Structure formats: structure tokens, C-alpha cells
Number of protein chains: 2
Amino acid sequence: MARNTQVVADHNAPQITQILAQFVATHPSRGWSDAVDHEAHRTFMNWLGCAVGATHHEAADAALAAVNMLQPAAQASVLGRTEKVDMASAALLNGITSHTFDFDDTHLKTIIHPAGPVASAVLAMAEHIGNTTGNELRVSGRDMIDALVLGIDVSCRVGNAMYPDHYDRGWHITGSTGTLGAAAACARLLKLDVQQTAMALGIAASQPVGMREQFGTMTKPFHPGAAARAGLMSALLASKGYTASPKALEAPRGMMQTVSTKNDWSEITHELGQRFEISFNSYKPFACGIVIHPSIDACAQLRLQGVTPDQIERIELKVHSLVLELTGKKEPQDGLQAKFSVYHGCAAGLTFGYAAEEEFSDEIVNRADMVALRRKVVATVDDSIDEASADVTAVLLDGRRVHVFVEHAIGSLQNPMTDAQLEAKFHGMSDEILGAAQTSALISACWSIGNAADASQVVALATPEKK
Amino acid sequence: MARNTQVVADHNAPQITQILAQFVATHPSRGWSDAVDHEAHRTFMNWLGCAVGATHHEAADAALAAVNMLQPAAQASVLGRTEKVDMASAALLNGITSHTFDFDDTHLKTIIHPAGPVASAVLAMAEHIGNTTGNELRVSGRDMIDALVLGIDVSCRVGNAMYPDHYDRGWHITGSTGTLGAAAACARLLKLDVQQTAMALGIAASQPVGMREQFGTMTKPFHPGAAARAGLMSALLASKGYTASPKALEAPRGMMQTVSTKNDWSEITHELGQRFEISFNSYKPFACGIVIHPSIDACAQLRLQGVTPDQIERIELKVHSLVLELTGKKEPQDGLQAKFSVYHGCAAGLTFGYAAEEEFSDEIVNRADMVALRRKVVATVDDSIDEASADVTAVLLDGRRVHVFVEHAIGSLQNPMTDAQLEAKFHGMSDEILGAAQTSALISACWSIGNAADASQVVALATPEKK
């Protein structure tokens, strides 16, 4: 049979699987700066708020109904709800809800949303393992933060090595690298040795999740959920002696070379254990894809300058081609589609000055004034503009032109959300579900999770009172 | 940021996801020839025997121990054992065991082992859904065979479209296409409509499983198991209203273009509903990778010609480069590694005349005479020889040369195993687990599964008596 065996292969990769396993299994607890540790708490808190906020979304209801077909044991909590399911399903469900609003954290170098896969696996496993009677394994809040930092370092470093080729060819990089991060974190929680941790990473390497074509559907948030579940199970399998290739990540027919033609191994090994990728995590002020944020911010600044929707002849928007590739939906029909519409983002920014989950509701998306306003947005591609920037000119009915250029949107690394802003964002998502008082207590518990005896207090506060 | 967006994309693909969904949801029951239906029964029986046979393998024990950490509900049987687990975990475990011996079926055009993902999902779902009190959905044996034929058609046609590029770049095509086949089959069992079936395929499209680097480890058989599980869950999610892209398979950033640069869409659409890929399924007489079979067969023929191991100076083996790429382990250390050693295959063929699971035991692999004999095998690459053939010359100590060329090994489409041979193979795997009498009854139940009221009899016969 004729076949093309000319797929490029690098037979000289460093032993990435072993190197990462060694790092995950042996790096000292809290072996990083206070700034890194604080960022881990910000990441955890932001993730938890997003998961609570979306807990009654129809995607969550559908996923829970499917999981319930398995008659799961009540091991771990579905955040924001009273139901409990087995820990693997809890990882799945909380991973789904944490990404449903597109409001979670972003590792800007790779567009990975790292907490969804990793934190969802960590909390679900910690809640169950830490509470099992007779279990010798204790899981403290410190163990959880350690696992979160290390797991996110694994997924983001693998992402760094493969980005952008891996993403460009169609992978939703959050799910495809997230399985590895979740496996690493759960291996750490289970206190697996180096060899077992390598097996956990190896089993996870066979399960990258997620295609970009799913953006705008419930399967997008399914990706971090499925990655969380697969990573958790990979660690459980390894803990029971299940084997994988010790070169599963780096070998010519291993994961990374199979899913990416770019593999810069040094991105994984350079300053490993000294530089932590969670340092580069950011948090969204707006409940949509990160590439829309500069455009929303620019239009919100137009509003601050006194421009109102009724004055608009048209809005001239210039952005990088990636922005329109990812979020070019001109006529979104519902809230979910609107999250992939830079046109709607501009309309929301000018009308409201921000765009939280409410501004992406079906009702607002289909409001006549919003439909009319976004039709006045004329978007053009300009690849000299960075994908993290936006150039907006409001052309008014009276002939005036008002120009705003946003280099770094609010929520970027250069212009981060403050702790207080993160708390306000959390309240905005959670108050309706848990009430303001319990939400405040939950926020406090998140800030001190690194000192908690176990996961129980956070989980209890993330559970509404049964009616 | 500089980026290469020059990944080739085909924006004019036919609507593969919709076409397959329409086919799966609406093709008539038993809408194929008697020969196709008989092949489906052969496929089902061979798969079941493999799953029973490997049920006490350490991979099965490890996987079951991990699953038991979830405290699963007793919905569906682990074949060959007394334990029951939730239906998704049963799909996982039976998928693992059915591929553990590398003794399952092979769709030779693509080297897909199609039953592992599809049949494992079908039987687990049928056992539970068909037995749930108050459930309006009945699942007959006919429904199961229909789902098996249609599911296998989906995975193998997608495989045909992407092979060989997809495989060459590192994907274990059994797991990567198997998720789709399992989703299709379970969608059919659940009697989902066209739209929901498209969603099931779409959710599954985000979950291709398996890298070739895992060959020789427990993660290889994990691939069909994980694919079965993911496919089953995709259908459950779709049945509860979970959404995915309706173009998830064929879009430029959909599954197929993301994991393969070759996508011949006509392989999916041509003669759909008229030609059934299960017709091209084959069954292994030897318990190892299919590419070793011609070499084993050739050495077994040397043995029939009177050549004995003590006469051997060396064995000159000429094979296609793929054979050595996949199975080139010169010094296997245990049974699992020996399954990827054409050298051990030759030694077993000459010594025993065959190579079932016993001939891949650690004990025989490490026997001194076997080690010595396989060191006398000198393998060279000759790409003028088809990968389904082997050219073997025994050079004897007395100077004689005995030559055998095998064009089509036993078990190939051109030289298939008979029904009686399949039954003997089944007994060889199952008698030790279930006893000869119960195994005979189980074989009979497999031959008549298409007429069975439900899955209960097959499942009961595949369960050993509790001691």
C-alpha cells in the first residue's frame, strides 16, 4: 500500500514526561513566592465564582441529567447546587459550569483557561478523598493550592511548547492540555511517587479533549469538564498500577508530536520550579471570549466620553484577524452565540459600559436597540494591531469622529483586576444563587483556603441551603 | 504576535455530521444482507470472547480498582466477572479487556479494531437500559446488532476518510474513531432523532482517544475502553439536550481536519447504507498486532515443512517497514512487550505452530529456548512487500535454505477464520473463566443474539457463578 510516512518526527526530545513527573511529585509544598501563592488563591476564587454562577444554566442541567443516568454515588458536590455525584462526575460538572459563562481565568500566552480542568479535579477529589472514613490520605487546603499551582504549571507549559500551531490547527487548547494539568494535580493530591505520576501523565496524554469548531455550543465548556474528569481518572488508574508509556508526551508518536507540529521543549524545561505559569493568569471582567475584551473596553470608554447609542452613524472597529475568526458572529441569535460576537460586545460596551453574564442573556441580545446598534459596527481586519488590542472610531450622525485605541484591556496582565474587583465579580455571579451573606463567607473561605484543614468549609459554603 | 495561520482548511466539506446522523437514526433495522448480519454476529461473538478471556488480566484489575473508587452503581456487568458497575464504566472496562490480548477484530483497510469501542458501549447500555424498571425504552437483541453494524460503519468510514495520514501522525485510530462509532451506536439504542444523533456525534467528536506511543502498555487497550465510555456518555448527553456543533466532524476546526490532513469525504458518503464496513472485518488467529500475523503464519508453515528450532542457523525475515516500526521489539521482557515483537512471533510460530495468549505469557516469553530462537531472527525492511505479507527464509545449520512467502495470512479477508475456528478460539479464551459447558451456551447465545428479547441471557452466561 502506498503511504506517506514523511510525518516529521523529533526523536531527540528531552524526557518531558519524566521531568514533569519528577517536578510534580517532588516540588516542595508552597515552593514559590507569596505573589505566586496569592495568584493561586485569586485563580481558585475566580474559578469557584464562575462555577457557582452558571450552576443553573441549561448546559449544567443537561449534563447533570446525563450523569444521573449512571446513578452516581454522593461523593462530591456540584458547586452551587444541593446535588452530589461521584468525584469524577463532579469534576466534569464543575468544569463545565466554570467555563459556561466564558468568564473564567485566562493564561494569555496560550489562551488556555487553566483553572477549569485543574481546580475542578482538585476540589472534587479533595472533597471525597479528604472525607472518606478510614482513608489514611488527608487532603489539606495547602495540598489543594499546591496541586493547583503544579497542575496549572504542567498544562500551561505544555501549551507554551505547542502554541500557536496546536491551537491554529483546531484544538481547544484548554481541554487538550487540561487533561495533563488535572492528572498532575490529582497525582499530587494522591501523593503518587515519581513513577506513578509519570503513568498518570501518560494515561492522560492519550485523552486530549476539544475542537474549536464547538465554540458557541455547550460542548465548549464540556471541554474543561471532560479534561478534569479524564485527568482525575488517569491519576486514580495510575494509583492502582495502570501503566502507560514513560515517554507518552514527547515520543514521536506520543501526544505532543501527534497534536502539534510545533514543540518547543525548552518551554517545558526552562526555569521549571522557579517560574510559575499561574503568575501569568488573568481574570475576565467581561463574560465572553478574551479577544472581544479590548473592543468592549474601547466602546465602554467611548461611553465614558459621552457617546450614546442614539448618536451613532457607525462604529468602525479595527482588530487582528484572529478576533474575527473567533468571534465574528454578526447576527447572534441568543446569548451563547453573542459570546462569540465582537459586534454584540461593542454594542454592550457602548450601551452598558460593561458586559457581564446579564448582558449576554437571550433577552438583551435580542433587544431591538442592541440588534440595531451592532448592525452599525463595521469590523475590518488589521493584523498590525495586536490581538490583545482594539482600535475603535465612533462616527456620529452629526459627522464627528471619536477615536479610542485600547492597547491593554482591563483584566489584562498589564491592567489586572484588583482583589476587590474580583470579589465584586464573584458577588455578581453568586449572590443570586447563595445569597449575599453566604457569598461573602465563601469569598473569605476562598482567600484562606491555603490554611484550611480540608475542603469541607469551602464546599459547605458553596452549597445552597436545601429548601 | 507572529503566527502561522496557514494550516490547510477545506471549507467545502459535505455535511458529514448531518449525513451520518441521518443514516444512523433512520436506516431500517436489518437493512442489509444476510452475509452482513452474520458478520455482525461473528464480530459480536469474537469481541465477547476476548473480553471474557482477559477479564482477570492485571490491566482489568487495575482499571476496576480505579472505577471502584467512584462507588459505581451496579448497572451493567464486567464480562467474565461477578462485579457490576455503572453502564459507562462497564463500557470502559469491557472495552479494555476486549483489546487486552490484542486478539480482537480488525478492519484491515484502516487497522481499526472496531468492536472494542462499539460493542462495549452497546452491551453495557443495552443491559442497563433494557432492564430499568419503568423505562419505556426496550432494547432487543436486534436493536443491539443494528446499533453494532451502524456504529462500526460510522467509525470505519471516518477511518477510511483519514487513513493513513491520521494513523501515521500518531493516532491509535481504534480509539480516535471509536468514540464516534460508540456514540452512533448508543444514539441508535436510545432511539434519538436525527438532530439529537448529530449532537451525540458532535459531542463525541471532541473526544478522540489514543496515541500509538502507548503500544505495549496498558494504555493501548484503555483506548477502545475510553472511546466506548465517551461515546456512550455523548449519546446520554445528547438525549438530555446537550448541544454541539452540527458540523463538528467536517468543519475546518472540527475533529477530522484537526486530527488529519487527509480527509477523503467520499469515503464516508459513497454507498452509505449499501456497503457496510463490517463486511471487511477480520478476526485474529494470533493474540498480537495484526502486522505480525504473516510472519507467524510463515514460521508455522516452516514448522509444517519439518523445520525445527534446533536446526536453525538464522531466520531471514523480510517485511514492510511498518511491521518493524510497530512491532520491532528485539528483546521483549514480558508478555505484553512480546506482542510488539515480530521476533517473538517468529519464534512462537516455529516452536508451537501458533501464538494464542498462552504463547505470549511472561513464562514462555522468557524461556531460554525462545530467547535464543528469536535472537536468530534477522529482520530487514523491504517496502516492496505489502504490510499484510511476509517473506521468511530459514537458513539451517546444515546449509539448507527453506523459503516461505505468505501473501495473505490466516485470518485475513482472503483467508478468513471459519465459524468453527472462531468458536474454538472463544473456548480457548473462555473455558478457563466460565467452564466449557457455560462457554458453549454463551457461544450459542451469541449466534442468536439478533433474535433475543434483550441482553439478559448473554450477560448472564458471560457471568461466572459466584463461589
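The values are calculated or read from the model by the stated rules, or taken from the named source; none is laboratory data. Everything numeric in this text was worked out from a predicted model, so none of it was measured. For neighbour counting, all protein chains shown are included, and Cβ atoms are generated from backbone atoms with ideal geometry for every residue, glycine included.
Structural remarks
- Qualifying residue in region A:351-359 (condition: acidic (Asp, Glu), closer than 28 Å to residue B:253 by Cβ and either touching a residue at least 40 places away in the same chain (Cβ under 8 Å) or not assigned by TED's automatic domain parsing to the domain that holds residue A:108 (or both)): yes
- Breaking point among (1) assigned to a helix (DSSP H, G or I); (2) closer than 24 Å to residue B:245 by Cβ, for residue A:330: (1)
- Test: residue in region B:49-59 that is surrounded by 20 or more Cβ atoms within 10 Å (Cβ to Cβ), of a type in the set (A, V, I, L, M, F, W, C), in contact with a helix residue (DSSP H, G or I) (Cβ under 8 Å, 6 or more places away or on another chain) and within 14 Å of another protein chain (Cβ to nearest Cβ): yes
- Among residues of region A:367-388, those that are part of a loop (DSSP other than H, G, I, E, B) and more than 27 Å from the chain's Cα centre (by Cα), counted: 4
- Pairs with Cβ under 7 Å, 6+ apart, first in region B:203-218 and within 10 Å of residue A:258 (Cβ to Cβ), second in a loop (DSSP other than H, G, I, E, B) and basic (Lys, Arg): B:211/A:253; B:212/A:253; B:213/A:247; B:213/A:253
- Scan region A:212-221 for residues that are closer than 19 Å to residue B:200 by Cβ and at the interface with chain B (Cβ under 7 Å from one of its Cβ atoms) and the total you get is 5.
- Residue in region A:345-366 that is farthest from residue A:316 (Cα to Cα), counting only those that are more than 23 Å from the chain's Cα centre (by Cα) and in a loop (DSSP other than H, G, I, E, B): A:366
- Some residue of region A:284-291 being at pLDDT 95 or above and either surrounded by fewer than 24 Cβ atoms within 10 Å (Cβ to Cβ) or more than 11 Å from every other protein chain (Cβ to nearest Cβ) (or both): no
- If the condition is being of a type outside the set (Val, Ile, Thr) and crowded, with 20+ Cβ neighbours inside 10 Å, then region A:390-421 contributes A:390, A:391, A:394, A:409, A:411, A:412.
- Filter result for the condition that a residue is modelled with pLDDT of 95 or more, closer than 29 Å to residue B:219 by Cα and either not hydrophobic (A, V, I, L, M, F, W, C) or not assigned by TED's automatic domain parsing to the domain that holds residue B:33 (or both), over B:365, B:307, B:378: B:365
- The residue pairs whose first member lies in region A:67-78 and is assigned by TED's automatic domain parsing to the domain that holds residue A:119 and part of a loop (DSSP other than H, G, I, E, B), whose second member is basic (Lys, Arg) and surrounded by fewer than 24 Cβ atoms within 10 Å (Cβ to Cβ), and whose beta carbons are closer than 9 Å, counting only pairs six or more residues apart or on different chains, are A:69/B:240; A:72/A:84; A:73/A:84; A:74/A:84; A:75/A:84; A:78/A:84.
- Exactly one residue out of A:238, A:298 is crowded, with 24+ Cβ neighbours inside 10 Å, aliphatic (A, V, I, L, M) and either at the interface with another protein chain (Cβ under 9 Å from one of its Cβ atoms) or under 30 Å from residue A:9 (Cα atoms) (or both), and it is A:238.
- Qualifying residue in region A:52-62 (condition: part of a loop (DSSP other than H, G, I, E, B) and either over 20 Å from residue A:356 (Cα atoms) or at pLDDT below 95 (or both)): no
- Being away from chain A (no Cβ under 14 Å), touching an Asp or Glu at 6+ places or on another chain (Cβ under 7 Å) and buried (at least 17 other Cβ atoms within 10 Å of the Cβ) is a description that does not apply to residue B:27.
- The set of residues in region A:389-427 that are among the charged types (D, E, K, R) and either part of a loop (DSSP other than H, G, I, E, B) or in contact with an Asp or Glu (Cβ under 6 Å, 6 or more places away or on another chain) (or both) comprises A:398, A:400, A:407.
- Top-ranked residue of region B:241-268 - restricted to ones that are more than 14 Å from chain A (Cβ to nearest Cβ) and either out of contact with any Leu (no Cβ under 9 Å at 6 or more places or on another chain) or part of a loop (DSSP other than H, G, I, E, B) (or both), ranked as surrounded by the fewest Cβ atoms within 10 Å (Cβ to Cβ): B:266
- Being assigned by TED's automatic domain parsing to the domain that holds residue A:154 and acidic (Asp, Glu) is true of residue A:61.
- Residue selected from region B:73-89 under the condition surrounded by fewer than 24 Cβ atoms within 10 Å (Cβ to Cβ) and farther than 25 Å from residue B:428 by Cα, by the criterion farthest from the other protein chains (Cβ to nearest Cβ): B:74
- Residue in region A:133-142 that is touching a helix residue (DSSP H, G or I) at 6+ places or on another chain (Cβ under 9 Å), closer than 27 Å to residue B:244 by Cα and within 14 Å of chain B (Cβ to nearest Cβ) present: no
- Note on region B:310-322: residues that are crowded, with 18+ Cβ neighbours inside 10 Å and either under 11 Å from residue B:404 (Cβ atoms) or modelled with pLDDT of 95 or more (or both) amount to 6.
- Subset of region B:30-48 (residues that are surrounded by fewer than 17 Cβ atoms within 10 Å (Cβ to Cβ) and either of a type in the set (S, T, N, Q) or free of Cβ contacts under 8 Å to residues at least 60 places away in the same chain (or both)): B:33, B:34, B:38
- Counting only helices (runs of 4 or more DSSP H) that sit completely within region B:112-231, those holding 3 or more residues that are within 30 Å of residue B:334 (Cα to Cα) correspond to B:115-129, B:165-168, B:173-189.
- Screening residue B:62 on (1) buried (at least 24 other Cβ atoms within 10 Å of the Cβ); (2) within 14 Å of chain A (Cβ to nearest Cβ); (3) closer than 23 Å to residue A:235 by Cα shows it passes everything except condition (1).
- Some residue of region B:160-182 being closer than 24 Å to residue B:459 by Cβ and touching a Lys or Arg at 6+ places or on another chain (Cβ under 7 Å): no
- Region B:190-211, subset among the hydrophobic types (A, V, I, L, M, F, W, C) and more than 8 Å from chain A (Cβ to nearest Cβ), residue farthest from residue B:245 (Cα to Cα): B:190
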